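Reviewing the structure listed below.
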Amino acid sequence: MTDGRGLLVVISGPSGVGKDTVIKRLLELDPNLKYSVSYTTRPPRAGEVDGVDYRFVNREEFEGLIREGALLEYATYDSHLYGTPIAPLNEARAAGFDIVLKIDVQGAEQVRKRAPDALRIFLAPPNMDELLRRRTERHSENPRDQTARQLIAQDEMELAPHFDHVVVNDDLERAVQEVLAIIRRVRERHT
Ligand code: 5GP
């Protein structure tokens, strides 16, 4: 990241921790940040827009992207595939934008290997009960998904120490300010 290109910022953490809300707020507050829209084979939830929240594709299309080498990383999460396209990410960084990736912990581990200069931030819930409560509030998961995602979340929490920074999402604005301060510190070091 010493070549004047934008930063690669990975925001990870268990499902339901508030990654979407934190990222939305980061993008509102910092015009130098751009969001990397992932591909997924998961069906869209109510209100999700293709090309904005995700690029929704079928499994065959996703496998084609893997074969073409179009993805920086990809992972299976709760039986669906999710992956980060390389091209838009390189374009944004070449134009000087810092790009924000919302990915699960397996994907974050791949990014560490393939892009060691990435800044990796783990968002943690204040506690596991709060995580379950937030996901229940979202109403987007059926009971089977709820249980599966809570079990995945317990494993994911163990990987927090592998990240460059852990930020507890206890209060949205406080957590967002902490993440922004981290990004700005790293940005200053690299410009
Ligand atoms: P959701 O189905 O709740 O939108 O996302 C499920 C999980 O997949 C979340 O932990 C989310 O961060 C992760 N995810 C979203 N996009 C990507 C991606 O491009 N790559 C990886 N590895 N995980 C992703």
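Bear in mind that the values in this text are calculations on the coordinates, not laboratory data. Note that the structure is a prediction, hence the values are computed from the model and not measured. Cβ: placed from backbone, ideal geometry, glycine included. Neighbour counts: every protein chain shown.
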Between the modelled labels at LYS113 and ALA87 (7 Å from Cα along Cα→Cβ) the distance in nm is 2.6 nm
Backbone HN-Hα couplings from phi across the stretch 150-159 [Karplus 6.51/-1.76/1.60, Hz, Gly and Pro as x]: 5, 5, 4, 4, 4, 5, 4, 4, 5, 8
Each residue of the stretch 125-137 in order: what ³J(HN,Hα) in whole Hz does its phi give by Karplus 6.51 cos²θ - 1.76 cosθ + 1.60, θ = phi - 60°, with x for Gly and Pro? x, x, 6, 6, 5, 5, 4, 4, 4, 5, 6, 5, 4
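Gain in length, ARG184 to SER79, computed as 0.36 nm per residue apart minus the alpha-carbon separation, to one decimal in nm?
Fully extending the segment from ARG184 to SER79 adds 34.2 nm.
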Calculate, axis by axis, the spread of Cα positions in the stretch 8-189 along the three principal axes, and write the results as whole Å, longest axis first. 43, 41, 30
Cα centre as origin, Lys/Arg/Asp/Glu Cβ charges: the stretch 8-189 dipole, Debye: 280 debye
The value for the stretch 32-118 (convex hull of the alpha-carbon atoms, volume per residue, Å³) is 98 Å³
Pop the C-beta distance of ARG59 and ARG174 into the FRET formula with R0 = 30 Å and round what comes out to the nearest 0.05. 0.15
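Compute the signed sum of charges (Lys and Arg +1, Asp and Glu -1) over the other residues within less than 12 Å, Cβ to Cβ, of GLU173.
Once positives and negatives cancel, what remains is -2.
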Any residue on another chain or 5+ positions along whose placed amide H is under 5 Å from the amide H of ALA70 is listed here as none
Suppose only helical runs count, i.e. DSSP H with n ≥ 4. What mean residue ellipticity at 222 nm does that imply for the chain under -39500 (n - 2.57) per run, divided by all residues and rounded to the nearest 500 deg cm²/dmol? -14000 deg cm²/dmol
